[in-house]
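The values are calculated or read from the model by the stated rules, or taken from the named source; none is laboratory data. As the structure is a prediction and not an experimental result, all values here were calculated from the model. Here the Cβ positions follow ideal geometry from the backbone for every residue, glycine too, while neighbour counts run over all protein chains shown.
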There are 2 protein chains.
Amino acid sequence: MSSNNHVLIVGSIAFDDLEMPTGIYENVWGGAATYASIAASVFSKVHIVGVVGDDFPISLLNSFKERGIDTQGIERAPGKTFRWRGRYSHDLLSRITLETHLNVFSQFSPTIPESARHDPLILLGNIHPRLQQEVLNQLIAPHMVIVDTMNFWIAQEPTALNRLLEKTDVLVINEEETRELSGIHNLVKAAKNILKRGPKQLIIKRGEHSALLFDQEDIFFVPAYPLEDVLDPTGAGDAFAGGLIGYLATCTDISSSTLREGMYYATALASFCVEGIGTERLLAISTNNLIERTNKLKELVLVHR
Amino acid sequence: MSSNNHVLIVGSIAFDDLEMPTGIYENVWGGAATYASIAASVFSKVHIVGVVGDDFPISLLNSFKERGIDTQGIERAPGKTFRWRGRYSHDLLSRITLETHLNVFSQFSPTIPESARHDPLILLGNIHPRLQQEVLNQLIAPHMVIVDTMNFWIAQEPTALNRLLEKTDVLVINEEETRELSGIHNLVKAAKNILKRGPKQLIIKRGEHSALLFDQEDIFFVPAYPLEDVLDPTGAGDAFAGGLIGYLATCTDISSSTLREGMYYATALASFCVEGIGTERLLAISTNNLIERTNKLKELVLVHR
């Protein structure tokens, strides 16, 4: 692969209303595909696939384009863009959903533009596993498929999800989802269970603690960056997955080492994401910022300096 | 310092009644000084200081001695040994105290044997901060004082604890205690606050996640070992602190690097501790076991293998 390749990212594009301890922020540009594409675009060109309503401003489409995110795959449907309203706890460690308006997202059936069907690296954001499967059916020769999902699909659509897992290279989920998907509390045992069901690698996101990579032989551990000012955890997991796939697109060969290296960049991007409301901090980072933070992350585990 | 030095460890010696998801275990040999001394004895000779009742069997005193733990400092008082009964949650992530019988521990006033007053490395286990201070008053020239404490003393004895912090080199506490001691939720800011109050280093234990070392310049991060079989978390934090001080006693010079190296050994010892009920697994490990696990811990963070 060369850095001229696009990565393909499919998922939600949304407006979020965020009730944070620091204030209420409405109409915040969000959605999994948004966060992931912005993070990936730090490294790579992106084909984004999603749906927006007729309320979605041209200016935001232009914001994608300015970052090398090709918006051909964004369908504009009559009606309103997906909207989520949530309230975070005082310590930002938990949140509740106050309102979910799927709007145009309820009829979403992803169509991959002709130009994107040869993309070797695919990130299937958290949508119905049947739709994730439909994306795969439209691809010519995907080299690596990275998949996110959530508790709702694990509980409600186990058959469709199991079929998708067979086609998954890297599954990126959180601790709770790992336990629900496997039915096993212990993470090591849970990971072994999941790795028998298709994925070659499992990445478990543990928020402010770390991320773990499990494959058949090894476990790899990336520390989370200890931040002084966390403003908004929304989208951090998506920024992680997007950062990972974007970094991998720059590698001539994807190996165990490049995946580990990518997890450092992914973690750095996730750490920037939570420092601003919505995508604001993620949009503002420079290459220097990213390299500096990634180096600091690596220094966290150095015994000898 | 040479490896001929003893480390001095002061704290509780107890019998625990443990209600675990796997069964009820009664009269389990425990207490902070017990776990810490056993872990430290892997590396170093130990002077243990604590109190037991007349019910405490000679066989356990001999178990200490067989490991190079000098028991001169164990006072045998009329009455019963400290006893704690606790029940762990199904996932072992939380526990409740069912019964605490301080017994002879309620009158404990630590007397440091003459032979131990020159020990350069001191671990003050979690007891009343006034008693911790009394230990320090009996020492000739302590080189490094490592201190543990708990929420109860943070809330009830802030003045005595603040005085002790001024004499503390390394404070080893958990996340919750860090937040309570500083009154600050964010760990980075909390650490900065605590490091202004005396300790040169703060180590935050995060259980199954990691341990963090904060000093004036840097943050260091040691992953926890991802275990398949966790049986009993009791004493893991004490095994960590004991392993750390024991390792430091083998170093000719204590530097930032040796402290970091020591945290790896400490984490490895804590990981063994939780694999058995009480001290059973900790007592059984070989040097090979320890080196193998410490190496595996270090491999967890290796990008290139």
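Is it the case that region B:283-292 has a residue that's buried (at least 22 other Cβ atoms within 10 Å of the Cβ), within 22 Å of A:Asn186 (Cβ to Cβ) and touching a residue at least 24 places away in the same chain (Cβ under 8 Å)? Explain how you work it out, then say what you get.
We begin by selecting, within region B:283-292, every residue buried (at least 22 other Cβ atoms within 10 Å of the Cβ); these are none.
Among the residues of region B:283-292, not one is buried (at least 22 other Cβ atoms within 10 Å of the Cβ), within 22 Å of A:Asn186 (Cβ to Cβ) and touching a residue at least 24 places away in the same chain (Cβ under 8 Å), which makes the answer no.
Quick one: would you say A:Thr149 is part of a strand (DSSP E or B), polar (S, T, N, Q) and touching a residue at least 12 places away in the same chain (Cβ under 8 Å)?
Values: part of a strand (DSSP E or B): no; polar (S, T, N, Q): yes; touching a residue at least 12 places away in the same chain (Cβ under 8 Å): yes.
So A:Thr149 does not fit the description; no.
Out of A:Arg76, A:Arg117, I need the residue that is of a type in the set (D, E, K, R) and within 26 Å of A:Ile277 (Cβ to Cβ). Which one?
Numbers: A:Arg117 fails: within 26 Å of A:Ile277 (Cβ to Cβ).
After ruling out the rest, the residue left standing is A:Arg76.
Of all residues in region B:181-206, count the ones that are in a loop (DSSP other than H, G, I, E, B) and in contact (Cβ under 8 Å) with a residue 40 or more places away in the chain. Working first, answer last.
Just the residues of region B:181-206 that are in a loop (DSSP other than H, G, I, E, B), to begin with: B:183-186, B:196-200, B:206.
Right, trim to in contact (Cβ under 8 Å) with a residue 40 or more places away in the chain and you get B:199.
Number of matching residues: 1.
In region B:247-271, the residues that are under 19 Å from B:Leu300 (Cβ atoms) reach residues that are among the polar types (S, T, N, Q) with C-beta atoms within less than 6 angstrom, at least six apart or across chains, in these pairs: B:Tyr264/B:Thr294; B:Tyr265/B:Thr294; B:Ala268/B:Thr294. Considering A:Gly235, A:Gly276, the condition of being more than 14 Å from every other protein chain (Cβ to nearest Cβ) and touching a residue at least 60 places away in the same chain (Cβ under 8 Å) is satisfied by A:Gly235 alone. Considered as a group, the residues in region A:242-273 that are assigned to a helix (DSSP H, G or I), within 14 Å of another protein chain (Cβ to nearest Cβ) and small (Gly, Ala, Ser) include one that is surrounded by the most Cβ atoms within 10 Å (Cβ to Cβ), and that residue is A:Ala266. Among the residues of region A:161-180, none qualifies, meaning not one is within 14 Å of chain B (Cβ to nearest Cβ), crowded, with 22+ Cβ neighbours inside 10 Å, outside any loop (DSSP other than H, G, I, E, B) and in contact with a Ser or Thr (Cβ under 8 Å, 6 or more places away or on another chain).
Take the conditions (1) closer than 21 Å to B:Gly207 by Cα; (2) crowded, with 18+ Cβ neighbours inside 10 Å; B:Glu19 misses just one of them, which is (2). Of all residues in region A:59-91, those that are part of a strand (DSSP E or B), out of contact with any helix residue (DSSP H, G or I) (no Cβ under 7 Å at 6 or more places or on another chain) and free of Cβ contacts under 8 Å to residues at least 60 places away in the same chain total 2. The residues on offer are B:Ala155, B:Ala141, and the sole one that is in a loop (DSSP other than H, G, I, E, B) and either surrounded by fewer than 16 Cβ atoms within 10 Å (Cβ to Cβ) or at pLDDT below 95 (or both) is B:Ala141.
Within region A:204-224, the set of residues being more than 9 Å from chain B (Cβ to nearest Cβ) and buried (at least 19 other Cβ atoms within 10 Å of the Cβ) comprises A:Ile204, A:Lys205, A:Ala211, A:Leu213. Do you know which residues across region A:68-91 are within 18 Å of A:Gly11 (Cα to Cα) and either surrounded by fewer than 11 Cβ atoms within 10 Å (Cβ to Cβ) or within 19 Å of the chain's Cα centre (by Cα) (or both)? Hits for region A:68-91 are A:Gly68, A:Ile69, A:Asp70, A:Thr71, A:Gly73, A:Ile74, A:Phe82, A:Arg83, A:Trp84.
Of the candidates B:Val230, B:Val188, the single residue that is surrounded by fewer than 24 Cβ atoms within 10 Å (Cβ to Cβ), β-branched (Val, Ile, Thr), within 14 Å of chain A (Cβ to nearest Cβ) and under 30 Å from B:Glu19 (Cα atoms) is B:Val230. Filtering region B:4-45 to residues that are outside any strand (DSSP E or B), among the β-branched types (Val, Ile, Thr) and either over 18 Å from B:Ala77 (Cα atoms) or without any contact (Cβ under 8 Å) to a residue 24 or more places away in the chain (or both) leaves B:Thr22, B:Ile38, B:Val42. Filtering region B:92-121 to residues that are exposed (fewer than 15 other Cβ atoms within 10 Å of the Cβ) and assigned to a helix (DSSP H, G or I) leaves B:Ser106, B:Gln107, B:Glu114, B:Ser115.
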